[in-house]
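Written out below as C-alpha cells is the structure these notes cover.
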Amino acid sequence: MTQPLIIALSKGRLLKETLPILAEAGIEPGEDLGSRKLIFDTNHEQIKFIVVRAVDVPTFVTRGVAHIGVSGLDQIAEQSLTDLYLPVDLGVSACRLMTAGMVGAQVPQGKRRVATKYTHLAREYYARIGVQVELIKLYGAMELAPIVGLADEIVDIVDTGNTLKANGLEPRKLIMHSSARLVVNKAAWKTRFDEISPLVEKIKGALA
C-alpha cells in the first residue's frame, strides 16, 4: 500500500486561515488538531496532517518528511530553499518584511546595528543598498531592541503596523511582500504527480 500523503501545516493563525481553504477543497481533519498528537487523520484515508512550527514547515517538505506544506513566503526565502515547488499563492497571512526604527530617530551614517530573526534576508537587503550592518539575532520582542538601545533598526514582519506604533516605532523600508504559499517537495511532485496534481487543482478551485 502506498504511504499516505503528508501535508505539513503551520501552527497558530496560519492554521486557522488554511483549514477553510482545505475544507473547500474537500480535505478536512478527522480529529481535533489541538491535541498532543503529532500526526493527524483526515477525511481521506491516504492523506495525513502534521502540525508544526511555521519556521519548520519548509524543512519538513524539503527533506521529504512531508510531501506538501503551507508556509509563508518569508520563511521560504529566509531559509533560501530551492527544492520546493510553489504552485499556489493562498492569499492569506499577507504581510510585509520591513525595516523599522524609533519615530524620528536619525539613521546612523556608518555601521548599523540591526535586530532580526530574518538574518539571511536582512544581510542580503543591506548588502544590496550598500550599508554595513551588525546583525543581532532575536526570536521575539523585536520592538524592544531599539527602545533599549540594543539596535538602531529592526527587520521584521509588519501586518497592520499597530505593534510598531504602540511602541513608538515606525516602518521604514520594504524588503519583500509575503503571503502563505502551498509548497510541494520537488521529488514528490514527480513521483506522486497523479495524487498531488489533482489536490493542487482542487485547492486552486477552492480559492477561485
Practice prompt. Filter the range 82-112 down to residues that are surrounded by fewer than 16 Cβ atoms within 10 Å (Cβ to Cβ) and under 14 Å from the mean Cα position of the chain (by Cα) and give me whichever is nearest to Thr62 (Cα to Cα).
Written response: Leu86
Practice prompt. Write out, first by first residue and then by second, each pair whose Cβ atoms fall under 7 Å of each other, whose residues are 6+ apart or on separate chains, and whose first residue, in the range 41-68, is at positive phi while the second is of a type in the set (A, V, I, L, M, F, W, C).
Written response: Gly64/Ala187; Gly64/Ala188
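Hey, does the range 180-200 have a residue that's more than 23 Å from Ser10 (Cα to Cα), basic (Lys, Arg), not assigned by TED's automatic domain parsing to the domain that holds Gly12 and not in a strand (DSSP E or B)?
Scanning the range 180-200, I find no residue that is more than 23 Å from Ser10 (Cα to Cα), basic (Lys, Arg), not assigned by TED's automatic domain parsing to the domain that holds Gly12 and not in a strand (DSSP E or B), so the answer is no.
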Practice prompt. Take the range 18-52 and flag every residue that is out of contact with any strand residue (DSSP E or B) (no Cβ under 7 Å at 6 or more places or on another chain) and within 19 Å of Ser93 (Cβ to Cβ).
Written response: Leu19, Pro20, Ile21, Leu22, Ala23, Glu24, Ala25
Worksheet entry | Residues (of a type in the set (Asp, Glu) and exposed (fewer than 13 other Cβ atoms within 10 Å of the Cβ)) located in the range 141-189 | Asp159
Discussion item. Just to check your reading of the model, which residue among Ala180, Ala187, Ala151 is touching a Ser or Thr at 6+ places or on another chain (Cβ under 9 Å), within 22 Å of Leu73 (Cα to Cα) and aliphatic (A, V, I, L, M)?
Written reply: Ala180
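The values are calculated or read from the model by the stated rules, or taken from the named source; none is laboratory data. Keep in mind it's a predicted model, so treat the numbers as computed, not measured. A quick note on method: Cβ atoms are made from the backbone with ideal geometry, for glycine too, and the neighbour counts reach across all protein chains shown.
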